[in-house]
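These notes are about the structure you will find just below.
The values are calculated or read from the model by the stated rules, or taken from the named source; none is laboratory data. All figures in this text were calculated on a predicted structure; none of them were measured in a lab. Note that each Cβ is placed from the backbone with ideal geometry, even for glycine, and that neighbours are counted across all protein chains shown. Each accessible area value is taken on the protein alone, full model and side chains, heavy atoms only, with ligands, DNA and RNA left out. Shrake-Rupley method; radii C 1.70, N 1.55, O 1.52, S 1.80 Å.
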Amino acid sequence: MEDFGNSLKEGLGSLGSMSIKGFDRAKQFSQEKMGSAVKTEYDQEFAALAARVECTKNSINSASNASRNFIQPNVGARLEDMFNEKVTAAESSTNANVRDLATMVPRRKGSAIDKRASYADLLGSTMKSGGQEIGETTQVGQTLVEVGGTFERIGMLEREYLSDVYTKFFKPFSNHLQVEWGNVTTEKRRLELARLDLDAAKAKVRTARTPEVMQQNEQKVRESQAAFDRQFEQTKILLTDADRKSGEFCHYLEEFIRSQMNYHEQAHKMLEETYNKMKQ
C-alpha cells in the first residue's frame, strides 16, 4: 500500500511538473506574440539553413501534388489510388489495430494507375468496334479499325509509361518527402519547445524576488540551456543533411523526363506508321 502511495505521489508530481511546463510555454508564447517577452533568436546561418530547407520542402511538396494530378487527371481515380495506397501502407504498420483495420477494407493492392483503362484505350476500342460494325471491306470501316488499333496500342504503351513514372519518379519522390522532412519537422518542433522552455526560465530569473528563488531559477536556466543546445545541434545536423540530400530530387526528375521522352517517342512512331499506311 505504501509503494502504491509513493508511486501515486511520483505520478502526480510528474503530472504537475508537466502542467507547469506547459503553462510556462503557453505564457512565454503568448507574451512573445504580444511583444512583451524577450525571445532567443537563432543565428543567421541556422535561420538561413532552416528557411532554405522549408522553402525546398514546400516547393517539392507542391510539385509532388501537381505531378499526381498530371499523371492521373481524373479526380475520382486519383482519390481511389490515394486511398488504396494508404490502406496498403497501413498493412505494414507497427500498430496491430491499424493492421487489422486495413485487412477489413476491400480494395486493390496499392495504386491501380497502370491497370485502369486510359482515354486512348477507350478511344481505340470505340473506333475499332465501330469500324468492324461498318465492315472492314469499306474504306471508312478499314480506317477506323486501323486507327482504333493504333490507339489501343498507345493505351497499352501509356499504362507502361504510367507504371514507369509512378515507380521511378512519383513514389520515391513522395516517400523522400514523408521520411526525410518528417524527421526534420519533428526536430524543429522539439527545438522550438526547448527554446520556449529556455526563455520562460530566463523570464523567471528576471522576476525573482528572493535570493533562494533566484538561485533555483538560475539552475533551471542552466538545465534549459543545456537541453536547448543539444536539441539545436541535433536539428542543425538534420537540416544540413536534408539540404544536402535535396539534390537527389534532380535524379527523380531526370527519370520523369526519360519516361516522358520514351513514351512520346514510341507513340509518335506508332502514329507515323499508321499515318503512312493511310496515305498509301
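Numbers at a glance
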read-out: Difference of contour (0.36 nm per residue) and Cα-Cα distance, T40 to L271; value: 76.7 nm
read-out: Efficiency of FRET from Cβ geometry, I237 and R209, R₀ 45 Å, rounded to 0.05; value: 0.65
read-out: Unsatisfied cross-links (Cα-Cα over 23 Å) in the set K128/K277; K115/K168; K57/K115; K128/K171; value: K57/K115; K128/K171
read-out: Sites C250 and N65, calculated FRET efficiency, Cβ-Cβ separation with R0 22 Å, nearest 0.05; value: 0.70
read-out: Span from the the stretch 227-265 Cα centroid across to the the stretch 44-77 one, whole angstrom; value: 11 Å
read-out: Contact order relative to length of the stretch 120-219, as percent, for alpha carbon pairs under 8 angstrom and 6 or more apart; value: 19 percent
read-out: Accessible area per residue, Å², the stretch 133-272 with all protein chains present, probe 1.4 Å; value: 59 Å²
read-out: Trypsin sites (Lys or Arg not before Pro) lying in DSSP loop within the stretch 174-233, provided at most 15 other Cβ fall within 10 Å; value: R209
read-out: Net length gained if the chain between I134 and M278 were fully extended (0.36 nm per residue, minus Cα distance); value: 50.1 nm
read-out: Solvent-accessible surface (1.4 angstrom probe) belonging to E212, in square angstrom, nearest 10; value: 120 Å²
read-out: For peptides 54-64, 147-157, sequence by mean Cβ density within 10 Å, most packed first; value: 147-157, 54-64
